[in-house]
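Worksheet: one structure, shown below.
The values are calculated or read from the model by the stated rules, or taken from the named source; none is laboratory data. The shown structure was predicted, so the numbers you read here are calculated from the model rather than taken from an experiment. Cβ coordinates were reconstructed from backbone atoms using ideal geometry, including for glycine residues, and neighbour counts include every protein chain displayed. Keep in mind that these areas ignore ligands, DNA and RNA; they rest on the heavy atoms of the full protein, side chains included. Shrake-Rupley method; radii C 1.70, N 1.55, O 1.52, S 1.80 Å.
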Amino acid sequence: MIAGSVDAIGYLLLFHVFTSHMSGNSVAVTIELAQGDWGRVVDRSISLAAFFAGSVVGYVGVYAIERTQRARWFSPIAGIEVVLLCVFLAMASRPAPWMLLLPAAAMGIQTSVLRRAAHASVHTTFVTGMISDAARRLAAFLTGGELGDFWLYAGIWGAFIGGGIAGAAVELHSGELALLIPIAGLLSLIGWDLARPLDREDREVAG
C-alpha cells in the first residue's frame, strides 16, 4: 500500500513519471528516446537512477547491520525512507523535476528492506513478479497441486492497487498532503519493529 500510494501520488505531482514502477519508466524512456523528447527522457532517467541508488544504499545498510548481529535492521533503513518522503512533502507544493530523486530513492530503499514474507520472496515496490507468482500458484492449484502462497502474492498486488487508489484520491483532493498516507504507514511499521524487533532467527529467514 505504501509503494502504491507513493507511485500514484508521485505520478500526479511530478509530471506523470513513476517513482516506484521502474518497468513503466524503462519502457517509456525508450519511446521518448525514439521520439527525441529529451526533457521527458531526463525526467525518467532521474527517477530510474534515484531508484537504483536508493536500492544500493538500502542493501548496503541492511547488510552492514546484519553483520553486526543487531536485532533491528528495518527501522534504521526505513527511517531514511521516511526522511526522504517528509522532505518531498515539505517541498512538493512547488514541484520540480529534480524532486523525483526523493520518492524514487525512497522506493528503492523500500525494495531493499521488504524482501521476504516468512519463507516467500516478495517485491512491494513493483508487482509484475507478484502477479506472475499468483498466476503460477493458481495454475498449480487448478491442475491438482497446492494453492500455496497464492493469497500472499495476490494480496500484495491488491494492496499496491489499493494504496494507489487511496493516494491518488487524496492527492486529487488535497495535493501533496496525500504523502501523509505512506509516511504514516512507514511510521507504523517502524513502531512495530521497535516494539517487536526481528530476532536473529527471523533475520536468517528474512535474509
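Per-residue extension of 0.36 nm, minus the Cα-Cα distance of residue 64 and residue 194, leaves a gain of 44.9 nm for this segment. How large is the translational diffusion coefficient of region 1-120 in µm² per second when you combine the Kirkwood radius over alpha carbon pairs with Stokes-Einstein at 4 °C and 1.567 mPa s? My calculation gives 87 µm²/s for D. Close amide-amide hydrogen proximity is noted between residue 122 and 116, 117, each under 5 Å apart and 5 or more residues distant or on a separate chain (H modeled in the peptide plane; Pro and chain starts excluded). Report summary: the helix-based calculation at 222 nm, which adds -39500 (n - 2.57) for every DSSP H run with n ≥ 4 and divides by the residues of the chain, gives -24000 deg cm²/dmol. To the nearest 10, the accessible area of residue 181 is 70 Å² with a 1.4 Å probe. Across the chain, Cα pairs under 8 Å and at least six residues apart give a relative contact order of 33 percent. For residue 26, what is the net charge nearby, where nearby means another residue's Cβ is under 14 Å from its Cβ and Lys, Arg count +1, Asp, Glu -1? Overall, the nearby charge balance is 0. Largest to smallest in accessible area, the residues 63, 11, 153 fall in the order 63, 11, 153 (1.4 Å probe, all protein chains included). Each pair of Cα atoms in the chain enters the Kirkwood radius, and Stokes-Einstein at 20 °C and 1.002 mPa s then converts it into a translational diffusion coefficient of 121 µm²/s. Its Cα centre serving as origin, the chain has a Cβ charge dipole (Lys and Arg +1, Asp and Glu -1) of approximately 260 debye.
When Rg and the Kirkwood Rh are both derived from Cα coordinates, the Rg/Rh ratio for region 153-199 amounts to 1.10. Counting only protein heavy atoms and a probe of 1.4 Å, the accessible surface of the chain is 68% carbon and sulfur.
Positive contributions from Lys and Arg (+1) and negative ones from Asp and Glu (-1), summed over other residues with Cβ under 13 Å from the Cβ of residue 150, come out at -1. Relative intensity of region 13-69 on a log10 scale, I(q)/I(0) at q = 0.18, 0.19, 0.24 Å⁻¹, equals -0.62, -0.66, -0.88, per a Debye sum over C-alpha point scatterers of equal strength in the absence of solvent.
Put 99, 1 in order of accessible area, highest first, and with a 1.4 Å probe you get 1, 99.
When the surface is traced with a 1.4 Å probe over the full set of protein chains, residue 72 keeps roughly 90 Å² accessible. Stretching residue 90 away from residue 177 to a fully extended chain increases their span by 30.4 nm, per 0.36 nm per residue minus the current alpha-carbon distance. Starting from the 7 Å offset along Cα-to-Cβ, what nm value, one decimal, do you get for the label separation of residue 132 and residue 57? For the pair residue 132/residue 57, the computed spacing is 2.8 nm.
Ranked from largest to smallest solvent-accessible area, with a 1.4 Å probe on the protein heavy atoms, 126, 141, 160 come out as 141, 126, 160.
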